1. Could you sort the peptides B:292-303, B:426-437 by per-residue average Cβ neighbour count (10 Å cutoff), highest mean leading?
2. Grab the DSSP H runs of chain B that are 4 residues or longer, score each as -39,500 (n - 2.57), total them, divide by all residues and round the 222 nm result to the nearest 500 deg cm²/dmol.
3. Ignoring ligands, DNA and RNA, how do B:GLU479, A:GLU255 rank by accessible area with a 1.4 Å probe, largest first?
4. Quick one: give the max-minus-min coordinate of the C-alpha atoms of segment A:2-92 along each principal axis, largest first, in Å.
5. Whenever you get a sec, line up B:VAL170, B:VAL143 from highest to lowest accessible area (probe 1.4 Å, protein heavy atoms).
6. At a probe radius of 1.4 Å, what is the per-residue accessible area of B:SER470, in Å² to the nearest 10?
7. Treating cross-link reach as a plain straight distance, find the aspartates and glutamates whose alpha-carbon is under 20 Å from the alpha-carbon of B:LYS175, omitting any fewer than eight places away in the same chain.
8. From the C-alpha gyration tensor of chain A, pull out the three semi-axes of the equivalent ellipsoid (sqrt of 5λ each), sorted largest to smallest, in whole Å.
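The values are calculated or read from the model by the stated rules, or taken from the named source; none is laboratory data. Source: prediction; values computed, not measured. Ideal geometry is used to build each Cβ from the backbone, glycine not excepted, and the neighbour counts take in all protein chains shown. Just so you know, the surface numbers come from the protein's heavy atoms only, side chains and all, with ligands and any DNA or RNA stripped out. Shrake-Rupley method; radii C 1.70, N 1.55, O 1.52, S 1.80 Å.
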Amino acid sequence: MTGYALRRVGQAILVLWAAYTLTFFAVFLLPSDAAEIMAAGSDSTNSVDPATLAEFRARYGLDQPLHLQYLRALGGVFRGDLGTSIHTGRPVARMLGEAIGPTVTLAALGMLVGVLLGAALAVAITLVPRRGPRHLLATVPAVGISVPTFCVGLVLLQVVSFQWGLLPAFGSSGFESLVLPVLALSLPVAALIAQLLSKSIEAERSAEYADIALAKGLSRLRVHLAHVVRNALLPAFTMAGLLAGELFGGSIVVETVFSRAGLGRVALSAVQARDLPVILGVVTVGACVFIVVNLAVDLLYPLLDPRIAVAR
Amino acid sequence: MRVTASRPGQRRRPSTLARAGVGLAAAATLLVACSSGDGAASSSASDTPRRGGALKIGVAGDPGCLDPQQNGNASSINISRQVVDSLTDLDPQTGATAPWLATSWTVNPDATQFTFTLRDGVTFSDGSPLTAEVVKKNFDTVVTLGAATSLVTGYLAGYQGTTALDAHTVRVDFKQPNAGFLQATSVVQLGILSAGTVAKSAAERCQAGNLVGTGPFVLESYTANQSALLNRRAGYAWPSEVSRHRDEAYLDSVEFDIVSEASVRTGALQSGQLDAVTDVQPDDEASFGSGGFSLLARANPGVVNTLFPKPTSAFAADPVIRKAIQTGLDRSQLTAVLSGSYQPATSVLAKTTPGYKDEQPALKSDPAAAGKLLDDAGWAKGGDGIRAKDGRRLSLDVVFISSVVTNQSVLAVVQQQLKDLGIELKLRPLAVADYLKAAQDPTVNFTFGNFTRPDLDILRSAFSSAAATSPKLTDDALEQLYVRARSTADATARAAIGAEIQDRLIAGAYAIPVYELSQVAAHSGAVRGLRFESSSRLVFYDTWLDR
């Protein structure tokens, strides 16, 4: 068990380092840098005198050789210092600290609602006895997957907020402001889970143990819910782990459409402003979340399937 | 006039019947409002400003840094303009300079020395008084902060120093003439911040708590990507002469909500969740034409959206080609793709710029003459309709910022008009970062954009090779005019020089002006007295709520 845990932690550090390094160098492949954009006035086309620009770059260490900049930034991370945002002048750690709460709330609720909706839909699909209606219902997840999140968000806003006036269209204060964003974020998750789970339920249902349970006189519903669905959960569960990353990306869209504060908005404006310290901070946090969620999924496997032992 | 349907506070079951009822009620309200004969009486009663109330406005971008001396983005300026006063103000109608924190000023004839007398009894929101020393610290620091304030240092070009002659008199000296400086003291970028703010580092000055001015509002809070809240400043009594009243602001507070999606801003205003919005997209303008909503539009002063030819490029450096484009364009056709809030260019400068000269005769469209110019120069139409000479196709490219929606639709019309002339124009819409890079590429033929500043000096900074960071198309006569404009303090004489510069820029096709960019805001019927200042930024000081 300890060996396994140590190996996992080692892997996690490697993944973190790789994500950080790749992002660092990828930003330098993009045209322009933070100094140029900031000096030009963030949203205008002014050209800036090269001497001024050089001075600006020097202030943020952007004039140093790439490998030195990289080592300095990486050194900062080990000391727990994520640096200062070039665009806003604020410490990156504080910016992320403020933004992570709303995003985690949004993503966690989105995941919860998505999984519940998806599971309910999958069970419903597989319980429908007649073929025609079942096939019709089975197309719902495919539709759900193919409609983009921003589209769902805008339609929800148009109807629920603008026409009915039931919920606020923007802001991140209070429960009311969470309903529509969570719904928009959870729909693709629900669709994916439903598709996967219903397929896996179909597969499990034709397994021998299901027939045996039926032959022993258990009711069809009992067999379905207590035996088949439980066994079918495993692949869907793995998928949910992978979806953590998906939700992180989805939150950028949802936070923009619903004008919520959060990591997604921070990431978006940082990329637009080529604000390297902030971009690196967001990527590091994102990678951490991804690693932790996947670790949690791995550790929870044995609870679902006793055949999987953690210490091999 | 106000339609009360769908306020967020109301909790209604979304039944079709209920919605139909609300629709009927709204229609009835409108009918009553439109048909009632006492419109004049009620409007005169409601023309008396009412105090109190909280106004919510949706803005497009996150301000990021709130220091007006460092950050030029529109959201940041719209917020800081309410908090920070300037030495002078510019009347948006007449273009005349009006007293604000300075009650009077003198400029020496060659525009190297500016002396301001400060108003008595002005305090910053932290309690400290406005003194000559604070003004000196502001200007001195803008220059030493240097890079971070690159936009602003242009206003202070040739800055020698500021002297506090006594507690309320301050003199600013320049090593070289800088006639544009008087106007520059009116913009928020040279607004006067408290001594405490000025003493801080560039990064610290960006933070919300450090935005301390003498303005009619005080910044209460700012949450990144979320909102900024301004509260009325108690005891404010020093508005500019341009303002309509003299004491505290009418509104208790102004909340800037950052709503980046244009359609969400529109919907939120229509459903009563916001009182006003900025950056109304051309497609959404029609929806504010009725229902008690009003549009507020003003062209950005300064250089209009212009095709800037690059002297290093293959085709734009050729005067024949440039002049053919200048006369070949039919700018009046652009109204077909522009909403009423935007106008085709009638000069290099927008009509809202003091010193603007109407150049419509010189910009008159004449495609036949343009075609003849090209024919005479040996550019013959090929099989694909595009002209060629010595095996070179007449194909030009233009780079522009894609986030300005009107750029794309206007340039598509320009592209079509040039195609009829036998000139191919390739459109390259780019994000800001990519644009900045592409604009430095010497082979690019045209950059396309505007420069906002309500002063003639913008012509020099946009077109003079002496002021530019990249090569510009210019000639000796123009360069001499720029120098003369800069060293002429007398407004009338300066305007005459400015007119000559506009003539020459257009005649030589050093600039191919296309259309005037506008700031477009919309507000509900309850919002009164909201206006744009001379740089086309919103001012909330005279604003009140009629509800």
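1. Working: B:292-303: 21.5, B:426-437: 18.2.
Packing proxy ranking, top to bottom: B:292-303, B:426-437.
2. Working: 16 runs with 155 residues, N = 547.
Computed ellipticity for chain B at 222 nm equals -8000 deg cm²/dmol.
3. Values: B:GLU479 35, A:GLU255 0 Å².
Ranked from most to least accessible, the order is B:GLU479, A:GLU255.
4. Cα extents, longest axis first: 58, 24, 23 Å.
5. Details: B:VAL170 0, B:VAL143 60 Å².
Solvent-accessible surface, decreasing: B:VAL143, B:VAL170.
6. Counting only protein heavy atoms, B:SER470 exposes about 40 Å² to solvent.
7. A:ASP49, B:ASP110, B:ASP140, B:ASP457, B:GLU479, B:ASP490
8. Values: eigenvalues 400, 136, 40 Å².
Working from the Cα gyration tensor, I get semi-axes of 45, 26, 14 Å.
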